[in-house]
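Enquirer: The structure is given below, and queries will be raised subsequently.
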Amino acid sequence: MQEISNRSSIRVIEKIIDETPTVRTLVFSDDSLSNVLPGQFAMVWIPGVNELPMSVMVAEEKGKAAFTVRKRGVSSTALYDLQVGSQIGVRGPYGNAFTIKDGKILLVGGGTGLVPLMRLAKFAKPENEVIVLMGSKTKDEVFFEDLANKILAKNKHQVIACTEDGSYGQKGFVTDVMEKLIGETKFDGVYTCGPEIMMHKVVQMANAKNTFVEASLERMMKCGIGMCGSCCMDDVLVCHDGTVFDGRFLSKSQEFGHTHRSKAGILENY
Amino acid sequence: MSPDLSTTIGTLRLERPTMLASGILGISLEVFSRIYQSGAGAVVTKSLSKEPWEGYPNPTIVGIKGGYLNAVGLSNPGAPYFAKMISQNKTVPIVVSLVGSIEEDFEFMVRQFEGVHVVAYELNLSCPHVEKVGLEVGDDPSLVTKIVRKVKSMTKVPVISKVGLGTTNYLDTVKAAIDGGTDAITAINTIRAMGIDVETQRPLLSHKIGGLSGPAIKPVAVRCVYEISSKYNIPVIGCGGVSTWEDAVEFILAGASAVQIGSAVGDRWIDVFSEVNDGIANYMKRKGFSKIQEMVGLARNF
Ligand SMILES: Cc1cc2nc3c(=O)[nH]c(=O)nc-3n(C[C@H](O)[C@H](O)[C@H](O)COP(=O)(O)OP(=O)(O)OC[C@H]3O[C@@H](n4cnc5c(N)ncnc54)[C@H](O)[C@@H]3O)c2cc1C
Ligand SMILES: Cc1cc2nc3c(=O)[nH]c(=O)nc-3n(C[C@H](O)[C@H](O)[C@H](O)COP(=O)(O)O)c2cc1C
Ligand code: FES
């Protein structure tokens, strides 16, 4: 059958992995999404509810793809609540990808922002050294720690969980831990995804050290394909020109770290 | 010498004959500026309402064979916010698209743009998927006349009326807009349409019925441009399914002085403007035309 671009294909959830009390990974068969570049996303239709942008998660088996969702508002909760056998629609992959660098790599993720970083970790060559910082509020909300260790088994690596309340791993924000690391070590590449305020700090710190840095941004997305304009930031469309932008671009942005847009397109402060 | 791509739509002069269609991209001046620099002769804003509108839940835009279905629900930040946002504009030819239900809505909105650099207003009399505005206004010819007359009385810049296919014969809507003093007509908007996913057995759009755009509607739009420009002495902007220079030339030969491009941006990105412009220029060279106006409506000679 002829594929129609930008139309959803229906997939069936085959497996659900509980990551934390509020985060689940949904696994389904999809040859195309199973092979995407690190950082790319898909538009996910939850029939009868909404369609949301989701980063494509790594799935362990060949031919499988996954999304990792945190239950927040109505739509993400509906996705979270789906059962094995439920149908979702997916279109994509969309967006650009992280530029893969060699050498010492630092991944800084907060919450479900770890999703694209896990895929990026899979692309690391065995000779690269990788440090992963994972931010969460508390011990219960730490996830992907085992998975990251498994993905990076062939690399010299470190996976550092950071909790805001200090109930597990290092106490504090990932940015506090990063500040110490980047003071001691010269990295060849820093990659970040998570809350924008966090990414803003990461980018500033890396820029101050003249270290290559990329961030994957989240904006209100309706079409995902550069038509509706809802995801614009400065003169770029995050869905089409991003979602990954480099430190040089971000340091010049008037909006990154400061504002985002409402569903009506009004700029609001963070 | 390369042919002159400038064109005039009544008193509106554009350097190039391709415009960004309303509702596509840009709610920011920076994006408009980028699209202008990439080759569009002018950019039309999303249709603005008096107050901010969130629009419908997703899916709001889906790809189908031959184009797209959309029911965005006219999501927009509202005319007052928007006017402030573009108040620094000096260089970009922005056409402000407005949508409302009654004369007073338009009066309120036009007032917001006093002192702001805009090159024209486009009145959306044709959005097919939001109640009480758009097509429902277009389907009421006496209301159309009143709204156009009101806006005309408030501004010196050209007023363009965008018509589509509703329940009233669109030629009557055109006539009503001309009676109100409209300077030009844009034809057409999307056409009411629907798609259903056979696996889930559900409508594709959350709003169920939306508007069809893209190559699938081009022959209909070409027909409308041809009919309007044959029947009335009014400049027409062709809109609906333009994605190549051939499409644009077809509209011009049918009677359009310029074309708007919407859906093709989704497939070809904003490079589409310069691609279409270059194609038109090559065609003009090959056929010996030196100005766009020499080609407008030539197909009506047969
Ligand atoms: C590129 C990208 C990748 C993402 N990847 C993930 C991921 O891997 N895992 C994950 O859990 N979340 C991800 N998100 C966030 C996700 O899309 C939702 O924004 C989030 O789940 C909150 O949804 P909600 O329905 O609970 O909305 P709420 O926060 O409750 O907001 C209410 C409404 O806003 C709308 N909305 C909110 N955010 C967006 C948005 N970004 N785009 C469109 N509509 C929105 C929805 O219609 C929703 O009903 C990603 C976002 C982007 C832009
Ligand atoms: C996503 C989307 C949003 C649109 N929003 C508007 C709008 O706000 N106002 C309007 O007059 N037309 C709107 N339209 C219609 C377009 O301006 C245009 O008339 C139509 O899509 C046909 O042109 P095309 O085939 O080049 O897309 C929208 C179309 C699309 C696809
Ligand atoms: S989400 Fe529509 S343009 Fe980016």
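The values are calculated or read from the model by the stated rules, or taken from the named source; none is laboratory data. In this text, all values refer to a predicted model and were calculated from it rather than measured experimentally. Every residue, glycine among them, receives a Cβ derived from its backbone with ideal geometry; neighbour counts consider all protein chains shown. The area values use the complete protein model at the heavy-atom level, side chains included, leaving out ligands, DNA and RNA. Shrake-Rupley method; radii C 1.70, N 1.55, O 1.52, S 1.80 Å.
Enquirer: Could you check the stretch A:1-40 for strands (runs of 3 or more DSSP E) lying wholly inside it with 3 or more residues that are within 13 Å of chain B (Cβ to nearest Cβ) and modelled with pLDDT of 95 or more?
Expert: A:9-12
Enquirer: Residue check, B:Lys84 against (1) in a loop (DSSP other than H, G, I, E, B); (2) basic (Lys, Arg); (3) without any contact (Cβ under 8 Å) to a residue 40 or more places away in the chain, all met but one. Which one?
Expert: So the condition that B:Lys84 fails would be (1).
Residues are listed down the side, and each one gets a yes or a no for (1) open to solvent by less than 30 Å² (accessible area, probe 1.4 Å); (2) among the small types (Gly, Ala, Ser); (3) touching a residue at least 12 places away in the same chain (Cβ under 8 Å); (4) away from ligand 3 (no atom under 16 Å from the Cβ):
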| residue | (1), (2), (3), (4) |
| --- | --- |
| B:Ser213 | yes, yes, yes, no |
| B:Glu227 | no, no, yes, yes |
| B:Leu253 | no, no, yes, yes |
| B:Ala258 | yes, yes, yes, yes |
| B:Asp271 | no, no, yes, no |
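Enquirer: Restricting attention to the stretch A:47-82, which residues are part of a loop (DSSP other than H, G, I, E, B), open to solvent by less than 40 Å² (accessible area, probe 1.4 Å) and hydrophobic (A, V, I, L, M, F, W, C)?
Expert: Those that are part of a loop (DSSP other than H, G, I, E, B), open to solvent by less than 40 Å² (accessible area, probe 1.4 Å) and hydrophobic (A, V, I, L, M, F, W, C): A:Val56, A:Val58, A:Ala59, A:Leu82.
Enquirer: Check B:Thr18, B:Thr11 and return the single one that is open to solvent by less than 10 Å² (accessible area, probe 1.4 Å) and over 25 Å from A:Ser253 (Cα atoms). Lay out the reasoning, then the answer.
Expert: Details: B:Thr11 fails: open to solvent by less than 10 Å² (accessible area, probe 1.4 Å).
Result of the check over B:Thr18, B:Thr11: B:Thr18.
Enquirer: Related question: Taking the stretch A:236-270 as the search range and keeping residues that are open to solvent by 60 Å² or more (accessible area, probe 1.4 Å) and in a loop (DSSP other than H, G, I, E, B), which one is modelled with the lowest pLDDT?
Expert: So, considering only residues that are open to solvent by 60 Å² or more (accessible area, probe 1.4 Å) and in a loop (DSSP other than H, G, I, E, B), the one modelled with the lowest pLDDT is A:Tyr270.
Enquirer: Kindly evaluate A:Thr211 against the criterion of being touching a residue at least 12 places away in the same chain (Cβ under 8 Å), touching a Leu at 6+ places or on another chain (Cβ under 9 Å) and assigned to a strand (DSSP E or B).
Expert: Answer is no for this residue.
Enquirer: For the subset of the stretch B:195-209 comprising residues that are open to solvent by less than 40 Å² (accessible area, probe 1.4 Å) and part of a loop (DSSP other than H, G, I, E, B), which member is nearest to the other protein chains (Cβ to nearest Cβ)? If you could, list the steps in order and put the result at the bottom.
Expert: From the stretch B:195-209, those open to solvent by less than 40 Å² (accessible area, probe 1.4 Å) are B:195, B:197, B:200, B:203-205; that's our starting set.
Then drop every residue that is not part of a loop (DSSP other than H, G, I, E, B), which leaves B:195, B:200, B:204-205.
Details: B:Gly195: 8, B:Thr200: 5, B:Leu204: 8, B:Leu205: 10 Å.
Among those residues, the one meeting the criterion is B:Thr200.
Enquirer: Could I ask something else about it? Within the stretch B:223-302, which helices (runs of 4 or more DSSP H) (wholly inside it) include 3 or more residues that are modelled with pLDDT of 95 or more?
Expert: Those helices (runs of 4 or more DSSP H) span B:245-254, B:272-287.
Enquirer: Out of B:Asn76, B:Asn70, report the one residue that is within 16 Å of ligand 3 (Cβ to nearest atom), open to solvent by 10 Å² or more (accessible area, probe 1.4 Å) and either closer than 30 Å to A:Ser76 by Cα or within 10 Å of chain A (Cβ to nearest Cβ) (or both).
Expert: B:Asn70 is the lone residue from the list that is within 16 Å of ligand 3 (Cβ to nearest atom), open to solvent by 10 Å² or more (accessible area, probe 1.4 Å) and either closer than 30 Å to A:Ser76 by Cα or within 10 Å of chain A (Cβ to nearest Cβ) (or both).
Enquirer: Do we find that B:Gly39 is under 30 Å from B:Lys291 (Cβ atoms), in contact with a helix residue (DSSP H, G or I) (Cβ under 7 Å, 6 or more places away or on another chain) and surrounded by fewer than 24 Cβ atoms within 10 Å (Cβ to Cβ) in this structure?
Expert: Details: under 30 Å from B:Lys291 (Cβ atoms): yes; in contact with a helix residue (DSSP H, G or I) (Cβ under 7 Å, 6 or more places away or on another chain): yes; surrounded by fewer than 24 Cβ atoms within 10 Å (Cβ to Cβ): yes.
For B:Gly39, the condition - under 30 Å from B:Lys291 (Cβ atoms), in contact with a helix residue (DSSP H, G or I) (Cβ under 7 Å, 6 or more places away or on another chain) and surrounded by fewer than 24 Cβ atoms within 10 Å (Cβ to Cβ) - is met.
Enquirer: Do you know which of the residues in the stretch A:213-248 that are within 7 Å of another protein chain (Cβ to nearest Cβ) and of a type in the set (D, E, K, R) is nearest to ligand 2 (Cβ to nearest atom)?
Expert: It comes out as A:Lys222.
Here's the yes/no breakdown for (1) crowded, with 23+ Cβ neighbours inside 10 Å; (2) under 20 Å from the mean Cα position of the chain (by Cα):
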| residue | (1), (2) |
| --- | --- |
| A:Gly103 | no, no |
| A:Leu120 | yes, yes |
| A:Phe123 | no, yes |
| A:Glu127 | no, no |
| A:Ile131 | no, yes |
| A:Glu141 | no, yes |
| A:Asp146 | no, yes |
| A:Asn155 | no, no |
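Enquirer: What's the number of the condition B:Ser97 fails, among (1) more than 11 Å from every other protein chain (Cβ to nearest Cβ); (2) touching a Lys or Arg at 6+ places or on another chain (Cβ under 9 Å); (3) of a type in the set (Gly, Ala, Ser); (4) outside any strand (DSSP E or B)?
Expert: Here B:Ser97 meets the rest and fails (4).
Enquirer: Restricting the search to the stretch A:75-102, which residues are more than 16 Å from ligand 3 (Cβ to nearest atom), closer than 24 Å to A:Gly242 by Cβ and not β-branched (Val, Ile, Thr)?
Expert: A:Ser76, A:Leu79, A:Gly89, A:Ala97, A:Phe98, A:Lys101, A:Asp102
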